[in-house]
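> Encoded as structure tokens, here's the structure I'll be asking about.
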Amino acid sequence: MKIALLGYGRMGQAIESIAIERGHEIILKIDKNIESYSLEEIGIDVAIDFSIPDAAFKNITSCFKAGIPVVSGTTGWLDKYDEAVEMCNDNDAAFIYASNFSLGVNIFFELNKKLAGMMKNLEEYGVEIEEIHHTKKLDAPSGTAISLAEQIIDVNERKKGWHLETANDNEIPVFAKRIEDVPGTHTVSYTSRIDDIEIMHTAHSREGFAKGAVVAAEWLKDKKGVHTMKDVLSSLFE
Ligand SMILES: NC(=O)C1=CN([C@@H]2O[C@H](COP(=O)(O)OP(=O)(O)OC[C@H]3O[C@@H](n4cnc5c(N)ncnc54)[C@H](O)[C@@H]3O)[C@@H](O)[C@H]2O)C=CC1
Ligand SMILES: O=C(O)C1=N[C@H](C(=O)O)C[C@H](O)C1
């Protein structure tokens, strides 16, 4: 596949290594110093956006207009996700966004949903989420922590939203810690007077995120419409 990288920071570079290992070619790299760029007529099969919150929507929708399937892992821009979905469908384009592309976190998401279903009526347990990331991260809480919170809110009628650090009884508190060089650690904790239950995912490097993004790009290349990482991994979750 001929791949365009929209964002060539820590993740763009990790994706480049994995893509080359899997036999793909990087034919375009866009980063912050490239103000305007054309995606047309250079034979891009798929674009992968890991940029910054302020740039993601423009990068993604430029791909829709050029008819190029796009995978995005950029977090912190999701107030515009519904608009992106509409534009994808209007342009008959192809799109996958995931707050986390790693196989391990996508398994962790399924565990989180299962546990949330089991805990939803047990009022004696409080629930909270903690995420730890490197100090260069621009957004807080992480996109993955927001996905975990939304998965619990979807099944637990007592929880109406989430809040950073402090929360009302009807919200899930999400704690964001920044420690140098941590690739990404997420914990969901249920705490009662009698005992605690915790599930945790710890990334040891960015390799899992990068590999998942390339696998998603391979899967999306000849498809249309808006998809999720669960669609990509469907055979695993049957
Ligand atoms: N979904 C997932 O699995 C994962 C998502 N992420 C997310 O991916 C994003 C990028 O993460 P990192 O690579 O660690 O950040 P980074 O800061 O190392 O890289 C972002 C790059 O985007 C560039 N950039 C700035 N303006 C741009 C523009 N207009 N167009 C294209 N590129 C532009 C920056 O110069 C920088 O090189 C973040 O939002 C992060 O939260 C990170 C890891 C995994
Ligand atoms: O910025 C990061 O590094 C990461 N961002 C994603 C997020 O916000 O959830 C995924 C991963 O945890 C690493």
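> Tell me the per residue accessible area of the chain using a 1.4 Å probe; a whole number in Å² is fine.
Heavy-atom accessible area per residue stands at 52 Å².
> Checking the table Lys137/Lys224; Lys58/Lys160; Lys137/Lys211; Lys29/Lys177 against a 24 Å threshold on Cα-Cα, which pairs fail?
Violating the 24 Å limit, Cα to Cα: Lys137/Lys224; Lys58/Lys160; Lys29/Lys177.
> Right, here's the next one. Measure nothing but the geometry: give the 0 to 90° angle between the long axis through the Cα atoms of 143-155 and the longest principal axis through the Cα atoms of the chain, rounded to 10°.
50
> Then there's this: Considering only DSSP beta bridges with both partners in the stretch 103-202, what is the antiparallel share in %, to the nearest 5?
Bridges in the stretch 103-202 that DSSP calls antiparallel: roughly 60 percent.
> Something else: In whole Å, what are the Cα extents of the chain along the three principal axes, biggest one first?
Here the Cα extents, ordered largest to smallest, are 63, 38, 32 Å.
> Could I ask something else about it? Using the Cα atoms as the points, what is the convex hull volume per residue of the stretch 152-238 in Å³?
About 179 Å³ per residue, rounded to a whole number.
> Give me the angle, in degrees from 0 to 90, between the Cα long axis of helix 10-21 and the longest principal axis of the Cα atoms of the chain, rounded to the nearest 10.
60
> Taking Cα pairs under 8 Å and at least six residues apart, what relative contact order does the stretch 103-202 come out at, in percent?
35
> Over the chain, what is the relative contact order in whole percent, taking alpha-carbon pairs under 8 Å and six or more residues apart?
22
> Antiparallel as a % of all DSSP beta bridges within the chain, to the nearest 5?
35
> How much accessible area does Phe108 have with a 1.4 Å probe, in Å² rounded to the nearest 10?
Near enough 10 Å² of accessible area.
> For the stretch 122-238, what % of the accessible area comes from carbon and sulfur atoms, probe 1.4 Å?
48
> Using only Cα atoms, what is the ratio of the radius of gyration of the stretch 103-202 to 2.2 N^0.38 Å?
Against the empirical 2.2 N^0.38 Å value, I get 1.03 for the stretch 103-202.
The values are calculated or read from the model by the stated rules, or taken from the named source; none is laboratory data. As the structure is a prediction and not an experimental result, all values here were calculated from the model. Quick note on the areas: whole protein, heavy atoms, side chains included, nothing else; ligands and nucleic acids left out. Shrake-Rupley method; radii C 1.70, N 1.55, O 1.52, S 1.80 Å.
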